[in-house]
Amino acid sequence: MTFCEECRKDVIYSIKNISMKGTLKGEEYEFVGNKVTCDECSNEVYVAEIEDENLKALYDAYRQKNGIISLEKILEIPQKYNIGKRPLSLLLGWGEMTFTRYCDGDMPTKQYSDVLQRIYDKPDFYLSLLEENKRNLKSQIAYKKSKRTTLEVIGVKETVSSKIDEVINYLLVRCEDITPLALQKALY
Ligand SMILES: [Zn+2]
């Protein structure tokens, strides 16, 4: 039920899939949206959730035409690399809340979008960013967690652990009184 201005009461409504046009940043875009009408008088009525969906469809059309990364991919990035939204933003040298705003649906600029697209597509690119900018992070636990997951994504987990084994073997052979600290230093 929603309120109909014409009938001056709450009414049952119908939803119809139609082609719509909307303007964003001075340009018109066509998209498939939902038109909602009152079942009694057939006038168009307003339903907040459907209005939101239409707006998202308009934004999606804009993203597609201008080569801006999709919201779905943006939302996937923190999961894919096991990093929080704020740490990721700091890692990129952006404002702490910038990435969070993109997750809420804000439109990234083309430049920022290209960085996100590249991160999404290339785990090794993300890994190099993580290494280069780890000092931007407030916690080194976040760095280690994300690095572990990213290596799994890349699929070099086994290679790395076998390398670590090699180092350990080397150290065990070479040093008879190896301290845990020396071992840690050798590994990281
Ligand atoms: Zn009505």
task = State yes or no: is N34 of a type outside the set (A, V, I, L, M), over 18 Å from M107 (Cβ atoms) and within 29 Å of the chain's Cα centre (by Cα)?
result = yes
key: Matching residues, region 7-42, being surrounded by 14 or more Cβ atoms within 10 Å (Cβ to Cβ) and within 15 Å of the ligand (Cβ to nearest atom)   = C7, V11, Y13, K35, V36, T37, C38
request  = Check every one of the helices (runs of 4 or more DSSP H) wholly within region 49-149 and list those with 2 or more residues that are touching a residue at least 40 places away in the same chain (Cβ under 8 Å) and surrounded by 15 or more Cβ atoms within 10 Å (Cβ to Cβ).
outcome  = 71-80, 85-91, 110-121, 123-132
inquiry  = Within region 47-66, does at least one residue satisfy the condition of being more than 14 Å from the chain's Cα centre (by Cα), within 16 Å of the ligand (Cβ to nearest atom), of a type in the set (D, E) and modelled with pLDDT of 95 or more?
reply    = no
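The values are calculated or read from the model by the stated rules, or taken from the named source; none is laboratory data. As the structure is a computational prediction, the values presented were derived from the model and not from experiment. FYI the Cβ positions are ideal-geometry reconstructions off the backbone, even for glycines, and counts take in every protein chain you see.
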